[in-house]
Amino acid sequence: MTTDEITDLLTEAYIDELETVMNYQTNAIVLDGVHAEEVKTSLEEDVQEELEHARMLGERLKQLDESPPGSEAFEATQSSLQPPEDTTDVQSVIEGVLEAEDDAIETYRALHEAASEANDPVTEDVAVTILADEEAHHTEFRGFQKEFPQD
Ligand SMILES: [Fe+2]
Ligand SMILES: [Fe+2]
C-alpha cells in the first residue's frame, strides 16, 4: 500500500537525480588538468547510472498512479556541485559529489524505511537497488578524496 510519504520521497528523489545528472555532466566537461581525467571519466559513467535511477523512480511513480514531475517542479539545491571558477579545482568537485551522494543515501534509506513500514516491497526493492549504486559512487569518490588531500 502506498502512502503520501512514499510518493513525496519518490518525487524528491527523481528531481535530485536529474539535478545530479546536470551537475555531474557539467563537471565532467569543465574540469582541466592532469589530475582531472579519472574523475571526469567516473562522472561521465555515473551520469548514465543517475539517469537510470531517475527512470526507475519515474516508472514506480507511474505504477502508483502518479506522474513524475516536469521541470516547473524543479528547485535546485546542489550549490556545492556548481562548476568551480578554477577549472583545475578537482577537490571542490570531489567534495560536492560526496555531499550529493550522502544526500542520496539518506533519501534512499528514508524511502526504504517508509516502504517497509507501508508493506510496499516493490518500492523497497527500488530503494535498495539504487542505494547500492549510491554507496558505490560514494566509495569511489572517497578514494579520489584520499588521493587529493585537503590542505
Ligand atoms: Fe542516483
Ligand atoms: Fe550517485
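The values are calculated or read from the model by the stated rules, or taken from the named source; none is laboratory data. Because the structure is a prediction, the values reported are computed rather than measured. Cβ coordinates were reconstructed from backbone atoms using ideal geometry, including for glycine residues, and neighbour counts include every protein chain displayed. With ligands, DNA and RNA removed, areas are computed over all heavy atoms of the protein, side chains included. Shrake-Rupley method; radii C 1.70, N 1.55, O 1.52, S 1.80 Å.
Odds and ends about this structure:
- Region 21-40: number of residues that are within 15 Å of ligand 1 (Cβ to nearest atom) and either closer than 21 Å to Asp125 by Cβ or without any contact (Cβ under 8 Å) to a residue 12 or more places away in the chain (or both): 1
- The listed residues are Leu98, Leu57, Leu61, Leu43, and the only one of them that is within 12 Å of ligand 1 (Cβ to nearest atom) and part of a helix (DSSP H, G or I) turns out to be Leu57.
- Just one residue in the set Thr11, Thr26, Thr7 is at pLDDT 95 or above, closer than 17 Å to Glu95 by Cα, open to solvent by 10 Å² or more (accessible area, probe 1.4 Å) and among the polar types (S, T, N, Q); that residue is Thr26.
- When the criteria are applied in full, Glu85 fails the requirement of being touching an Asp or Glu at 6+ places or on another chain (Cβ under 7 Å) and among the charged types (D, E, K, R).
- Note on region 29-54: residues that are open to solvent by 10 Å² or more (accessible area, probe 1.4 Å) and either polar (S, T, N, Q) or more than 14 Å from ligand 2 (Cβ to nearest atom) (or both) total 11.
- Selection from region 79-106 of residues that are within 12 Å of the chain's Cα centre (by Cα) and surrounded by fewer than 17 Cβ atoms within 10 Å (Cβ to Cβ): Glu99, Asp102, Asp103, Ile105, Glu106
- Of note, Val126 does not satisfy the criterion of being more than 14 Å from ligand 2 (Cβ to nearest atom) and exposed (fewer than 13 other Cβ atoms within 10 Å of the Cβ).
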